[in-house]
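For reference, the structure discussed in these notes is given below.
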Amino acid sequence: MIRSIQGAQRLDSRGHLTVQVDLITDRGTFRAIVPSGASTGAKEAIELRDGDSSAYGGKGVQKAVTNIGLVIGPALVQSGLKVYTDQKMIDCLLKHLDGTENKSKLGANAILGVMPFFDVLNGGVHSGNKMGFQETMIAPVGASSFTQAVRMGCEVYQQLKKVIIEKFGPSAIGIGDEGGFAPPISQPHEGLDLLVEAVSLAGYTGRIKFALDPASTEFYSDGIYDIGFKDDKPSLQKPKHLTDLYRSLLQNYPIVLLEDPFAETDWGSWAEFNKECPVELVGDDLLATNTKYVQKANDTRACNSMLLKINQIGTISEAIEAANLAYSFDWSVFVSHRSGETTDDFIADLAVGLRTGHLKSGAPCRGERIAKYNRLMDIEADLLGKGEECLYAGSQFRVASKY
Ligand code: PGA
Ligand code: ZN
């Protein structure tokens, strides 16, 4: 039973304010802190910001905190709903309290923050170098356990640091919003070449695959992609050229996942690419964790996987509904942190609970990123300690929900 709910303004990993919620129940007090994106899609639920430029550059969330204290909290207490069993009804109540399609009245940050235990969770707009593509990832598919995968990831990360120092000097190892390095490179193949070398030095060639999230909505306008948008001169590409670039990268590097290769409004390019796509094709900004767009993407055959970011849609129930709809189309679901994160580790449990098989939480660096990896190692240890069979998804990450 909920006794009271208290909101507060706290910091996210970029030093911007975000919403923290304490939920006081008959079984104790539970705290959640909401993350925030930088490469946000237009279809996402609205994050309510104060807009008062005299404090925190207008990024305060006092209005959302006030909504928790005056609207959301009292309504939940009065409802008598149980936080342990009535999640769907709680989310339904929150949705109706807001009453808008994109949660603009109360703010998706406020709504998400009220969930007990469960709060959500580098190039491009995540760093200051000239790399247009936002994320270049490594996936230790050849590990035998989650804990071993963490070891492999950390060892490659440390080798990568050495490779970057050797090539660009010690001042090049500064990191971006998601804990990854941001060396002075601008082309996707340069990043992938650095990874190939680091993986080889760590002794894991063949056991670690790669993934890319160009976050291309950030550099798309009027049918043209500018992958040099952070460089001194533009590099304007038609969708067909970008498609050719992806096909060549897929041929030359062990890439297993491609997220947002095309912009959130460029549905035609997605569908064309997906006609012959050997890898997991993940919709982030394209889908915004929203059943409406998941349905549209299935109807148009635009992708084969959904990125799950709870605060793109605003409630856990709607996010789970979107995940279940994606599963019903035989897609996979990929759980994600946000670039502006908090130390809340809920998405680790969510990924396990929904059997998504994979999650992304940045580099093995920065407290708010490793909180999720540490939690997943705890879950693995807990399961093993209870004698449970504990399978690491590894190369089966796309089909984990079927086990
Ligand atoms: P965001 O980036 O949190 O800035 O939206 C994460 C992503 O694009 O996957
Ligand atoms: Zn993305």
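Some notes on this structure:
- Of all residues in region 333-347, those being within 16 Å of ligand 2 (Cβ to nearest atom) and within 14 Å of residue 15 (Cβ to Cβ) number 3.
- Matching option when the condition is assigned to a strand (DSSP E or B), on the phi < 0 side of the Ramachandran plot, more than 16 Å from ligand 2 (Cβ to nearest atom) and not assigned by the TED database to the domain that holds residue 265, among 21, 77, 65, 71: 21
- Whenever a residue of region 127-143 is under 11 Å from residue 153 (Cα atoms), its partners that are within 15 Å of ligand 2 (Cβ to nearest atom), lying with C-beta atoms within less than 6 angstrom and at least six residues away or across chains, give the pairs 137/211; 139/211.
- The C-beta contact set for region 211-222 (first residue in the same structural domain as residue 261 (by the TED database) and within 14 Å of residue 307 (Cβ to Cβ), second residue part of a helix (DSSP H, G or I) and within 11 Å of ligand 2 (Cβ to nearest atom), distance under 7 angstrom, 6+ apart or interchain) comprises 215/124.
- The set of residues in region 256-278 being within 15 Å of ligand 2 (Cβ to nearest atom) and closer than 27 Å to residue 206 by Cα consists of 257, 258, 259, 260, 261.
- Selection from region 279-323 of residues that are more than 16 Å from ligand 2 (Cβ to nearest atom), at positive phi and buried (at least 18 other Cβ atoms within 10 Å of the Cβ): 314
- Screening residue 151 on (1) modelled with pLDDT under 95; (2) out of contact with any Phe, Trp or Tyr (no Cβ under 9 Å at 6 or more places or on another chain); (3) outside any helix (DSSP H, G or I) shows it passes everything except condition (3).
- Test: residue in region 385-398 that is modelled with pLDDT of 90 or more, touching an Asp or Glu at 6+ places or on another chain (Cβ under 8 Å), assigned to a helix (DSSP H, G or I) and more than 25 Å from residue 255 (Cα to Cα): no
- Among the criteria (1) away from ligand 2 (no atom under 16 Å from the Cβ); (2) under 15 Å from the mean Cα position of the chain (by Cα); (3) surrounded by fewer than 24 Cβ atoms within 10 Å (Cβ to Cβ); (4) not polar (S, T, N, Q), the one residue 211 does not fulfil is (1).
- Residue match in region 277-292 (condition: at pLDDT 95 or above, outside any loop (DSSP other than H, G, I, E, B) and within 14 Å of the chain's Cα centre (by Cα)): yes
- Annotation for region 199-219: no member residue is over 30 Å from residue 356 (Cα atoms) and basic (Lys, Arg).
- Any hit, region 180-192, residues being within 23 Å of residue 257 (Cα to Cα), out of contact with any helix residue (DSSP H, G or I) (no Cβ under 8 Å at 6 or more places or on another chain), within 16 Å of ligand 1 (Cβ to nearest atom) and polar (S, T, N, Q): no
- Elements of type helices (runs of 4 or more DSSP H) in region 302-356, at least 3 residues being assigned by the TED database to the domain that holds residue 126, more than 14 Å from ligand 1 (Cβ to nearest atom) and of a type in the set (A, V, I, L, M, F, W, C): 316-328, 346-353
The values are calculated or read from the model by the stated rules, or taken from the named source; none is laboratory data. As the structure is a prediction and not an experimental result, all values here were calculated from the model. For neighbour counting, all protein chains shown are included, and Cβ atoms are generated from backbone atoms with ideal geometry for every residue, glycine included.
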